[in-house]
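What follows is a set of notes on a single structure, which appears directly below.
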Amino acid sequence: MQKLSQKLEELTVPPISVGPAGGHRVVGKSVERIDGWEKVSGAAKFLEDLDFGPNLLYAALVESPVAHAKIKKIDVRDALKVPGVVKVVTGKDFPYKFGLYMKDRYVFAYDRVRFVGEQVAAVIAWSPKAALRGAAKVKVDYEELPIVLDPVRAIEKNATLIHPDLGNYPHVPWFFPKADTNIAHWRKTRKGDWEKGFREADAVLEDTYFVPRYAHCAIEVHAAVGLYDMSGRLTVWTASQSPFTQRNVFAEALAPLGISHKDVRVITPYVGGGFGGKAGVSMEIIGAALAMTVKGHPVKVLWNRAQEFCNTYQRQGVVAKIKMGVKKNGKITALEHSLYWDAGAYVEYGANVVNAAGLSATNPYRVDNVKIDSICIYTNLPPGGPYRGFGYSEFSFGIESHVTRMAQKIGLDPVEFRRRNHIKEGDTLPYGAHMNPNGLRESIDKVAAEIMWGSKAKSDDPKKAVGKSLVLFWKSPAMPPNAASSAFLKFNEDGSINILISGMEIGQGLLTAMAQIASEILSVPVAKIRVETPDTDRNPYEWQTVGSHVTWGCGNAVKKAALDARDQIFELVQRALHLEKDTLYLEDERVKCRTKPDFELSFASFVIAGIQTEDHTFKGGPIMGRGVFMPEFASAIGDPETGQGGHPNVHYTTGAAGLILEVDKETGKMKIRKVALAVDVGKAINPDLIRGQVVGGLLQGFATVLYEDMRYSEKGKLLNPNFSDYKIPTSLDVPEEIVPIIVEVPQPDGPFGARGVGEHTMIPTASLVANAVEDALGVRIKSMPITAEKVALTVSKG
Amino acid sequence: MKNISIQLKLNGVRRTLEVEPSDVLLDVLRDKLGVKSPKVGCDRGDCGSCTVFMNGKTVRSCLVLAVEADGADVVTLEGISKNGPTRLQKEFVKRNSFQCGFCAPGVILSAEEALKKHPRASDEEIKEHIAGNLCRCTGYKPILDAIKTVASGKASK
């Protein structure tokens, strides 16, 4: 009986893989990027490279010079006299709120400004220079209000209220704002009895960690071009990770002007780096809104580098208070983790960063007694928002520093401590759901071996000390429970394929990975597949390219589209040529038959034209696959007081990282001798692209701890909004040795078992450095960044 | 102010045009001459995205006034692969060296210059030479590895 069912299965499920060793033909191979030559030849077009013709208008912004004030009066008369100026637009022209998860912003500041650099008005002109001259002539009278820059101060009793109307703001049901305070959202996660846990502990450690703000620094700045044409349709070209989310936000915000979703079209060419900074909607709303005021003219808004720093999203700062209890045997008995987020002037996206952190701030440890408070606090600094790691990069510094210190306190090796406490498949997560299959243990072991954990590294130079560290990371995509992906797959006359998706190529290699997935199923070589960047008129829906979820979500949609196309092919061949479809399979761009070895039909002969039958008529027509994916098991609704009951996270990608760091004892100068990072990607669709994420993410992460630092004046003005004063790494800062390690424990609902990896590689870096500095020099630094200067000063203080 | 007529050789072709005295070369290349590979990244010489060859040497075209380029020989990324991809370009593609690709035009010209100056460049010389071109995606390593491969003569021709 069993044999029969096996045999049936063999017959009815044609193997997807036709590789020589029974493995996959192209999934798992490091093929060249399909956008490689386009980018290396200079042909790749980014938003600023598109031409909009001589009818194009340019906008320049009038920005707030103060961090908190009422707008008393705006005088635009002198600006309108500047030659070339067409129009001046202010908040009164667009009294509409917008926002991704909470509607707390206006297109232009309406009655008050809340951060230095906020857009107050726009001057539209025939040239960029005329627009700038006009913007300089707009006079704004402000009545300054008290400011608050520190999140902990902002929740004190008499703090100035930044959003007095907070209680009226529409928001998603999983946010809990506190009216008449600066608390925009408070995520509480409670599990077990933490007080009992602390009483049972043999050792308890309590401390506070400080993480400042950071900037994404994509080399391409934000830009948007809007065109409201004479027929009343709005097209917006943006440099964005989120074309469909933008379309939705534009349509919702501008609905009072008679705009409907069908009339809004968002086109996103290649993006010159995103890292979360080009997710959601920030300055793009200005391009959409201004277009409505100059019907028939495209109008361009292009940020300069300073605006890029000040008025998109910044990574939020956080003050993390951690209390942990452990038994002598190393078992963690209780954890209290309170995160006070400096979320900035608007939190329409940033509050979800706070939410994500509040669900997972245990890091990948099994802790039975947990109390997490993740508090989103308005301050008079630029809006906070998503940045690679989405809250996990931020809280990882404190928790992984603390875990190492906890191990030291009870005299246990920090890696052994992690081995005893790391989370396993099936363990209960902080909010009650269960942990997915993962290769965390394998990651720990491989990284420990790679950095020869246990043997003390030394320097030949007596002035230098060497330290090692090993930390863990995890992260889940932070997304609404019903975030969907979809794909169309179209065959062409020659058997080549165009795939339409709205997942965004932001450098990670999405287009290539999607081509590999389709290639695997349809046997069409990757080189014969094009995958296009999004145009919401042409490409089907994708929520956004964020959260390291598109390999998984969009990948599932593409896989389904390819399977749909394959089924159509089988159906057609059965109908036209009377071959049982269960005996058919695809190989080398042909349909073949298990029972008739001589039969083969090339795709090019029928995928558009159809199959000609004996009576000379044709059957079939263009083969077009369609795929849709939505996680149907997720729910964001849990008990507001405990977080228990929902299933807000679809799965976690986990891993471990290790560092060998050389430190100069006198100057504090640090050199990364070796870094190893193991990440469980489920299945590596393209190992080379994953190694690219590891190497790139690590350097971006090390930058936040070793070099970068946003400095604000006491009046809330960013003092270093440029690359001379905000130093991002150059080729001279590359670690001596980088070892990416790919672990593959399949994700049951992932395409070929894959899960995402883009953000994770940045997350562990800050705590790696903090722990290695302590291993080398015996000093514990609890605030980021950990610059050479800070190390030297800490050492000299003893 | 009055416009000024300038003449330059762009990717081997002589071009004549009118510019304002305050126009910078980068904007003129992109907006008046239609060459889009030099990118706008910072407008102050920090990022290297606007790198072009001017009279055989790389310059940051955002720091050059268009009038300074009068009579100059300017070569952009479009100009270096007219006769097919260079060895470096082939190696960059093969190694998936770039991710978003925005910095690529500037990095590639700096890398070509490095190899022109030092055909057998050492690792340190290569790092030093592209240190003025910022890349936020790749961590530089896959870029450096490709240049090293070509410098060591191991790249496929």
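The values are calculated or read from the model by the stated rules, or taken from the named source; none is laboratory data. Keep in mind the model is a prediction, meaning the values are calculated, not measured. Reconstructed Cβ throughout: ideal geometry from the backbone, glycine too, with neighbour counts over all protein chains shown.
Observations on the model:
- Residue count, the range B:113-145 (criterion: more than 10 Å from chain A (Cβ to nearest Cβ) and buried (at least 21 other Cβ atoms within 10 Å of the Cβ)): 2
Listed here are the residues, each with its yes/no results for (1) out of contact with any His (no Cβ under 6 Å at 6 or more places or on another chain); (2) crowded, with 22+ Cβ neighbours inside 10 Å; (3) assigned by TED's automatic domain parsing to the domain that holds A:I451; (4) not in a helix (DSSP H, G or I).
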{"residue": "A:V705", "(1), (2), (3), (4)": "yes, yes, yes, no"}
{"residue": "A:E708", "(1), (2), (3), (4)": "yes, yes, yes, yes"}
{"residue": "A:D725", "(1), (2), (3), (4)": "yes, no, yes, yes"}
{"residue": "A:P735", "(1), (2), (3), (4)": "yes, no, yes, yes"}
{"residue": "A:V745", "(1), (2), (3), (4)": "yes, no, yes, yes"}
{"residue": "A:G758", "(1), (2), (3), (4)": "yes, yes, yes, yes"}
{"residue": "A:S767", "(1), (2), (3), (4)": "yes, yes, yes, no"}
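- Of residues in the range A:490-515 being within 14 Å of chain B (Cβ to nearest Cβ) and of a type in the set (A, V, I, L, M, F, W, C), the one nearest to B:F98 (Cα to Cα): A:I506
- Every residue from the range A:197-226 that is in a loop (DSSP other than H, G, I, E, B) and either away from chain B (no Cβ under 14 Å) or among the basic types (K, R) (or both): A:A201, A:D202, A:P212, A:R213
- Taken together, A:T268, A:T293 contain a single residue that is under 24 Å from A:G232 (Cα atoms), among the polar types (S, T, N, Q) and within 14 Å of chain B (Cβ to nearest Cβ), which is A:T268.
- Some residue of the range B:95-104 being hydroxyl-bearing (S, T, Y) and within 10 Å of chain A (Cβ to nearest Cβ): yes
Okay, residues lined up against (1) in a loop (DSSP other than H, G, I, E, B); (2) touching a residue at least 24 places away in the same chain (Cβ under 8 Å); (3) touching a helix residue (DSSP H, G or I) at 6+ places or on another chain (Cβ under 7 Å):
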position: A:I147; (1), (2), (3): yes, yes, no
position: A:R153; (1), (2), (3): no, no, no
position: A:K157; (1), (2), (3): yes, no, no
position: A:I162; (1), (2), (3): yes, yes, no
position: A:G167; (1), (2), (3): no, no, no
position: A:W174; (1), (2), (3): yes, yes, yes
position: A:A179; (1), (2), (3): yes, no, yes
position: A:A184; (1), (2), (3): no, yes, yes
position: A:R187; (1), (2), (3): no, yes, yes
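- Test: B:V59 is facing chain A (nearest Cβ under 9 Å), under 25 Å from B:Y140 (Cβ atoms), out of contact with any Gly (no Cβ under 9 Å at 6 or more places or on another chain) and at pLDDT 95 or above: no
- So B:G79, is it surrounded by fewer than 20 Cβ atoms within 10 Å (Cβ to Cβ), of a type in the set (G, A, S) and at the interface with chain A (Cβ under 10 Å from one of its Cβ atoms): no
- Each residue in the range B:34-57 was checked for being touching a strand residue (DSSP E or B) at 6+ places or on another chain (Cβ under 6 Å), at negative phi and surrounded by fewer than 21 Cβ atoms within 10 Å (Cβ to Cβ), and 1 of them qualify.
- In the range A:100-111, the residues that are under 17 Å from A:P164 (Cβ atoms) and either surrounded by 17 or more Cβ atoms within 10 Å (Cβ to Cβ) or without any contact (Cβ under 8 Å) to a residue 12 or more places away in the chain (or both): A:M102, A:K103, A:D104, A:R105, A:Y106, A:A109, A:Y110
- Residue in the range A:525-532 that is in the same structural domain as A:L601 (by TED's automatic domain parsing), touching an Asp or Glu at 6+ places or on another chain (Cβ under 7 Å) and not aromatic (F, W, Y) present: no
- Neighbours by Cβ (under 6 Å, 6+ apart or cross-chain): first from the range A:37-56, facing chain B (nearest Cβ under 7 Å); second among the acidic types (D, E): A:G42/B:E78; A:A44/A:E38; A:F46/A:E220
- Meets criteria (in contact with a Cys (Cβ under 7 Å, 6 or more places away or on another chain) and assigned by TED's automatic domain parsing to the domain that holds A:F491) for A:F599: yes
- Selection from the range A:79-95 of residues that are in contact (Cβ under 8 Å) with a residue 60 or more places away in the chain and touching a strand residue (DSSP E or B) at 6+ places or on another chain (Cβ under 8 Å): A:V86, A:K87, A:V89, A:F94
- The listed residues are A:A67, A:A43, A:A60, and the only one of them that is in a strand (DSSP E or B) and within 38 Å of the chain's Cα centre (by Cα) turns out to be A:A60.
- Set side by side, the residues A:A159, A:A136, A:A154 differ, and just one is surrounded by fewer than 21 Cβ atoms within 10 Å (Cβ to Cβ), among the hydrophobic types (A, V, I, L, M, F, W, C), within 33 Å of the chain's Cα centre (by Cα) and farther than 30 Å from A:V367 by Cα, which is A:A159.
- Candidates A:A684, A:A656, A:A678: the one that is crowded, with 23+ Cβ neighbours inside 10 Å, touching a strand residue (DSSP E or B) at 6+ places or on another chain (Cβ under 8 Å), at pLDDT 95 or above and in a loop (DSSP other than H, G, I, E, B) is A:A684.
- Residues that are surrounded by 15 or more Cβ atoms within 10 Å (Cβ to Cβ) and either on the phi > 0 side of the Ramachandran plot or not in a helix (DSSP H, G or I) (or both), drawn from the range A:784-798: A:M784, A:P785, A:I786, A:T787
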